[in-house]
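One structure below.
The values are calculated or read from the model by the stated rules, or taken from the named source; none is laboratory data. Owing to the predicted nature of the structure, the values given are computational and were not obtained by experimental measurement. Positions of Cβ are generated from backbone atoms using ideal geometry, with glycine treated the same way; all protein chains shown enter the neighbour counts.
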Amino acid sequence: MSSMRSLAGKTIVITRPKEHAEEFSFLLQNTGANVVLFPTIEFAPVESSGEYDVIKQNLQRYDGFIFTSATAVKYFIKDLEESHRKLIKQQTVYAVGEKTSVPLIKLGITPVSLPDVYDARHLTQSILRSEVTGKRFLYPKGNLAGPTMKTELEKAGTIVDEVIVYATAKPADYAKQSHRFQQILREKKIDLITFFSASSVVHYVEMVPAELFSSAIIAVNGKTTTESAARCGLHAEIITGQPTSEGMVQAIERYYA
């Protein structure tokens, strides 16, 4: 349980996309922290391709659907006809964690197999605990999602069709936001910077000069983000295993306790 003033006086940066920052910002402010929003990524739908259109019209061929982010749910489901949504409700749907499950549940789709650790590798292990040989799954994903899910499932005799439903990019106004943020860093007003994804780290180091990297503590979520930070020259002093706002706040509180 977070203390109302446990992070009083600390200034913490959120690099999440604007639409994903609200809950985290609220939780941090409840601890007394000052919050600076510096989104280093944003999401956008991809242009519909012929392959994507064929997939949407043939959803009945799949034994199940796999989602590793709420963003994938949003962009995949929004364009589907109601008959297709009903079809998905009748199939097995896997979600990587609680945050990904929420938009599915709101649509009346009940996902199964939540892994203990919310990442693609552990979700893959959860799926492999059931009999999947010969089954066919659809995996809607972002353009930066890695090959682990498809590779490991297909080793077990499963067919996995991937379809990119959204793209991750720098914010449209990143140059303006970067200039403002660099000034804050130079004035030593930032205590801690948080990252929830590898892509947010990559874009951060492209938007901020290397000489400013050491001026704040780095907090990251998960193995992939930690590895990305290390490759980019950022040393993470705070690492949390669960990709939730609550988990990150608790990890930060433990660090400062």
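At a glance:
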quantity: Verdict on residue 177 being in contact with a Phe, Trp or Tyr (Cβ under 8 Å, 6 or more places away or on another chain) and in the same structural domain as residue 219 (by TED's automatic domain parsing); calculated: yes
quantity: Extreme residue, modelled with the lowest pLDDT, among residues of segment 196-209 that are among the hydrophobic types (A, V, I, L, M, F, W, C) and in contact with a Leu (Cβ under 8 Å, 6 or more places away or on another chain); calculated: 198
quantity: Residue ID - surrounded by the most Cβ atoms within 10 Å (Cβ to Cβ), chosen from residues in segment 205-254 that are touching a strand residue (DSSP E or B) at 6+ places or on another chain (Cβ under 7 Å) and closer than 20 Å to residue 70 by Cβ; calculated: 220
quantity: Residue 144 in a helix (DSSP H, G or I) and either in the same structural domain as residue 48 (by TED's automatic domain parsing) or touching a Leu at 6+ places or on another chain (Cβ under 7 Å) (or both); calculated: no
quantity: Residue count, segment 71-88 (criterion: closer than 12 Å to residue 57 by Cα and part of a loop (DSSP other than H, G, I, E, B)); calculated: 3
quantity: Qualifying positions in segment 1-16 - in contact with a strand residue (DSSP E or B) (Cβ under 6 Å, 6 or more places away or on another chain) and surrounded by 19 or more Cβ atoms within 10 Å (Cβ to Cβ); calculated: 12, 13, 14, 15
quantity: Residue within segment 110-121 that is within 26 Å of residue 53 (Cβ to Cβ) and either part of a loop (DSSP other than H, G, I, E, B) or modelled with pLDDT of 85 or more (or both) present; calculated: yes
quantity: Condition met for residue 153 (surrounded by 14 or more Cβ atoms within 10 Å (Cβ to Cβ) and farther than 23 Å from residue 200 by Cβ); calculated: yes
quantity: Yes/no for residue 47 being among the charged types (D, E, K, R) and either over 15 Å from residue 162 (Cβ atoms) or assigned to a strand (DSSP E or B) (or both); calculated: yes
quantity: Count of segment 32-84 residues which are basic (Lys, Arg) and surrounded by 15 or more Cβ atoms within 10 Å (Cβ to Cβ); calculated: 2
quantity: Matching residues in segment 164-192 - criterion: being within 27 Å of residue 51 (Cβ to Cβ) and either of a type outside the set (D, E, K, R) or surrounded by fewer than 18 Cβ atoms within 10 Å (Cβ to Cβ) (or both); calculated: 164, 165, 166, 167, 168, 169
quantity: Single residue of segment 85-101 satisfying the filter (under 22 Å from residue 42 (Cβ atoms) and in contact (Cβ under 8 Å) with a residue 40 or more places away in the chain) that is surrounded by the most Cβ atoms within 10 Å (Cβ to Cβ); calculated: 97
quantity: Scan of segment 201-257 for residues that are part of a strand (DSSP E or B) and out of contact with any Phe, Trp or Tyr (no Cβ under 9 Å at 6 or more places or on another chain), ordered by number; calculated: 239, 240
quantity: Residue 131 being acidic (Asp, Glu) and either assigned to a helix (DSSP H, G or I) or surrounded by 15 or more Cβ atoms within 10 Å (Cβ to Cβ) (or both); calculated: no
